[in-house]
Amino acid sequence: MISFWKLFILLALFLPTGIEACHAQFQKELRYLDLYLGIKPDNNGDIPVEEAVKFATYIESPDELNCDFETECLWRNAPTDNLLDTSDWWYFKKNDEKTFPVQIQPGNPKIPKGEHFIIAGNTTKTANGAVLSSAPVACQKGFANLTFSFWLYNNAQVEVVILRAMNRRRHLQVLMRPKMKCDFLGAANEECRVEIPPIKEPFRIGIRAFDLKDNTVGSLAIIDHIRYHGKICQQSPFPSSFSSLRIPPYDNSPLVRMSDLSCERPLRSCRWGNAAKSQLSEWRVGRSIDRWVDMFEITANQSHPNSSFLFLAVDSFSPRPYSSLTSQVIPCSQRTTSLSLKYWMKTGTQAEICAVDEDGIALSCAYLEPNDSPGPITIDLDSYSQPFKFTVGIIAFDENSFGLLAISELRVAGLLCSEPAPPIVTTISPPTIQHIFGLQPGNGRYVPYDLSLNCDFTKDYCSQWVNYDGIVKYGVMPRDSDVFPVPKGIKGNVAVFMMQNATVSELRSRMVPCSINGRIDVEYMRSEDAQVRICALEQCVDGNQTNGIVSIGVSSTTPFYVTIEISSRDNAVVIISKVSTSGEFCPLKTAEQTVCDQLVCDFKDTFCSYETIVEKPGDVPVLKTGNGASVTLNGGGIRAVLVSPTFDLAYPSILTITLSQSTFGSRVLLCPDVTSDPTLCHELSGPRVLDSSDKQVMFPLDIGARSFSLVLLHDKSIEFGPATFNIKSMHLRTVNDEEMCF
């Protein structure tokens, strides 16, 4: 008899290839099984099961799991996960009236001829297991009973496991192992009876044969006559979580205000509803946060809604398409519509918010990012002249688990086409402007710039236009605001003059070499207490409108600057969005070229860009000569000054001056400006003068320097006689002592 069973289990090892297709040797062993036990495989060993779609939907009655294996059942082999399940159950039938031997217990040894059952067995040294899995059950209300007939041989065991309805990473997930005592030593003809406690989530019942081993004689388990008695849910319990109720239907009367679409109390006033008709995958109103932590799989100290909220819970058995939360149709909008909300998503859930037209075609969509939860977040839609609506929905989730999305504090702001616009508040609050524009400094004037006056602030900081007082900041034009008059047409990034009290400021161009019949247009917007004008070549044109374009014509064969000048009587704001040109303009020079043109000079019968200033009594002018810029101080005057032009350095530089001075006691000073006290100036040469030969002196110019004054001073003419100064040249070098200008 032992030899017989060994042959039987060896056969079982090869069943996956199909019993009828086995090698002739195993066909012989099948004949032995039929001869000694009167059993043989049926249906090529494959368990008859219902169609696959029925394993992807919840059962509607516990009776659906009753199975005698005479017809197709809602039980099948679980997928092998190499943990709980490493083998399979196989389909056999009784072929005659032979009685099972006493080694097979405790089921009835007299199985009627023609009856079907399933067998699991193995002859390995390592224990194997085979799991028979039911179709999914949505949930179980109260205790239930599972019974089945079973037979065991040679230490094989059987257990009932409650599995999660969805596998995770191809592994069976055990929710519980109910208490049971179903073993070889049970009373003769005894059924296995298992009491299953209440289960609040979707599950499958698994009947598992295990300890299938013995490489000498093998071991096996047989089961039949499965019965399941209990009260079950007919649909997923997830949608009814959080003490939820269905979303009440709303009055479809026309919207009066855009804010009518806000839904902060879903059970009272909410013009949102489900787009799909199925109640099995619809949005509902949550009224409590019971099991919030378990459902979202988060820690207890993480955020949650503070009042009723809307949520959608779906799993892989929920009917598709899943419902989307959809607003009432908006006839049209006259300015940006903003939808804001807080949201929470279970890990693995993907969701989006869309604005769609009447045909459901998306106008704009935004994905809900897990890292931004709970928000609130705001989604903006530009004014739209046709009907549209908002939708919120789950687009994907981890189907090994379930999808869950909750939202609260849903607010909608904007203006319907039929809605009167609120009056604009004209009082300008600097902190408010700072906030709504998101103002920040630009890149500064020390960066490369476009060699044209053309400037689009929506794309660039436009460093060819320079502000020196720090009043100009850069930000984003608000789409709509009840505290600021937003004109149509100006969008995106802009340059902003934030004027506090009575203030003046300007944007000045880099030096323009020349222009022929040129025109400069500045697109601007100003509040009521601000004035805008554009100036060039000693002419200015005012911008008289609160928003629009101010223009000036220019023609010049010599270099000039263009300024956008702003003034205010009180707190005010001016926005510059664009500068454009027409006509002919010479290309701007780079910062290096410009500063070289301004500061480098050989002073032979010219002052170049420098000026001589007579500021106070005792000052005398410097003269142009063929030997340089020259002056003699002989008591009639004690000071002469050369003033540099205003300049912008591209980087720190060294100013190199070649000069001569003739008399002891005379001094050459470099001062910040013409009015500086000599004690605040840097002494370049003197007062100890031993000869009148040419000498070279140097002074480092910091990148922030914008002008300087060269002061020639001699107040000791009575003691030492007159002093003659000759400025021969000024040049620039880099801090590495390399030539800067060529």
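Worth a mention:
- Top-ranked residue in segment 682-730 [being without any contact (Cβ under 8 Å) to a residue 40 or more places away in the chain and of a type in the set (A, V, I, L, M, F, W, C); ranked as most open to solvent (accessible area, probe 1.4 Å)]: Leu690
- Residue in segment 309-319 that is of a type in the set (A, V, I, L, M, F, W, C), modelled with pLDDT of 90 or more and over 27 Å from the mean Cα position of the chain (by Cα) present: no
- Residue check, Val541 out of contact with any Phe, Trp or Tyr (no Cβ under 6 Å at 6 or more places or on another chain), open to solvent by less than 70 Å² (accessible area, probe 1.4 Å), without any contact (Cβ under 8 Å) to a residue 12 or more places away in the chain and of a type in the set (A, V, I, L, M): yes
- Odd one out for Val735, checked against (1) more than 26 Å from Lys589 (Cα to Cα); (2) of a type in the set (A, V, I, L, M); (3) open to solvent by 70 Å² or more (accessible area, probe 1.4 Å): (1)
- Residue ID - most open to solvent (accessible area, probe 1.4 Å), chosen from residues in segment 68-95 that are in a strand (DSSP E or B) and within 16 Å of Phe55 (Cβ to Cβ): Arg76
- Residue in segment 495-504 that is more than 30 Å from Gly414 (Cα to Cα) and not polar (S, T, N, Q) present: yes
- Per-region count, segment 242-285, residues in a strand (DSSP E or B), in contact with a Cys (Cβ under 8 Å, 6 or more places away or on another chain) and modelled with pLDDT of 90 or more: 2
- Cβ separations smaller than 7 Å between residues 6+ apart or across chains give the following pairs from segment 35-59 residues that are at negative phi to residues that are at pLDDT below 85 and open to solvent by 70 Å² or more (accessible area, probe 1.4 Å): Tyr58/Gln234; Tyr58/Gln235.
- Any hit, segment 401-415, residues being at pLDDT below 90, under 30 Å from Pro202 (Cβ atoms) and either open to solvent by 50 Å² or more (accessible area, probe 1.4 Å) or not in a strand (DSSP E or B) (or both): yes
- Close pairs from segment 646-669: first over 22 Å from Leu701 (Cα atoms), partner at pLDDT 90 or above and β-branched (Val, Ile, Thr), Cβ under 7 Å, at least 6 apart: Gln661/Val668; Ser662/Thr724
- Here Pro621 passes the criteria (1) surrounded by 13 or more Cβ atoms within 10 Å (Cβ to Cβ); (2) of a type outside the set (Gly, Ala, Ser); (3) more than 58 Å from the chain's Cα centre (by Cα); (4) outside any loop (DSSP other than H, G, I, E, B) except the one numbered (4).
- Test for Asp63: is it over 28 Å from Arg170 (Cβ atoms), touching a residue at least 24 places away in the same chain (Cβ under 8 Å) and in a helix (DSSP H, G or I): yes
- Scanning segment 230-247 for residues that are open to solvent by 80 Å² or more (accessible area, probe 1.4 Å) and either under 13 Å from Trp283 (Cα atoms) or touching a strand residue (DSSP E or B) at 6+ places or on another chain (Cβ under 7 Å) (or both) returns Lys231, Arg246.
- All strands (runs of 3 or more DSSP E) inside segment 121-214 with 2 or more residues being basic (Lys, Arg) and touching a residue at least 60 places away in the same chain (Cβ under 8 Å): 203-212
- Selection status of Glu419, open to solvent by 70 Å² or more (accessible area, probe 1.4 Å), more than 30 Å from Pro587 (Cβ to Cβ) and assigned to a loop (DSSP other than H, G, I, E, B): no
- In segment 433-457, the residues that are farther than 19 Å from Pro587 by Cα and open to solvent by 50 Å² or more (accessible area, probe 1.4 Å): Gln434, His435, Gln440, Pro441, Asn443
- Residues satisfying the stated conditions in segment 518-534, i.e. assigned to a strand (DSSP E or B), open to solvent by less than 50 Å² (accessible area, probe 1.4 Å) and not hydroxyl-bearing (Ser, Thr, Tyr): Gly518, Ile520, Asp521, Val522, Met525, Arg526, Ala530, Val532, Ile534
- Subset tally (residues that are open to solvent by 30 Å² or more (accessible area, probe 1.4 Å), within 53 Å of the chain's Cα centre (by Cα) and among the polar types (S, T, N, Q)) for segment 129-156: 1
- Qualifying residue in segment 552-568 (condition: open to solvent by less than 50 Å² (accessible area, probe 1.4 Å), farther than 30 Å from Ser383 by Cα and not in a strand (DSSP E or B)): no
- Within segment 631-646, being buried (at least 19 other Cβ atoms within 10 Å of the Cβ) and either under 14 Å from Cys601 (Cβ atoms) or among the aromatic types (Phe, Trp, Tyr) (or both) holds for Leu642, Val643, Ser644.
- Strands (runs of 3 or more DSSP E) fully within segment 286-361 counting 2 or more residues that are open to solvent by 30 Å² or more (accessible area, probe 1.4 Å): 337-345, 350-357
- Any hit, segment 248-262, residues being among the small types (Gly, Ala, Ser) and surrounded by 15 or more Cβ atoms within 10 Å (Cβ to Cβ): yes
- Within segment 544-568, tally of residues that are without any contact (Cβ under 8 Å) to a residue 60 or more places away in the chain and hydrophobic (A, V, I, L, M, F, W, C): 5
- Candidate set: segment 582-606, residues that are crowded, with 16+ Cβ neighbours inside 10 Å and touching a Leu at 6+ places or on another chain (Cβ under 7 Å); chosen: the one nearest to Met740 (Cα to Cα): Cys596
The values are calculated or read from the model by the stated rules, or taken from the named source; none is laboratory data. As the structure is a computational prediction, the values presented were derived from the model and not from experiment. Cβ atoms come from the backbone with ideal geometry, glycine included; neighbour counts cover every protein chain shown. Heavy atoms of the whole protein, side chains included, go into the accessibility calculation; ligands, DNA and RNA do not. Shrake-Rupley method; radii C 1.70, N 1.55, O 1.52, S 1.80 Å.
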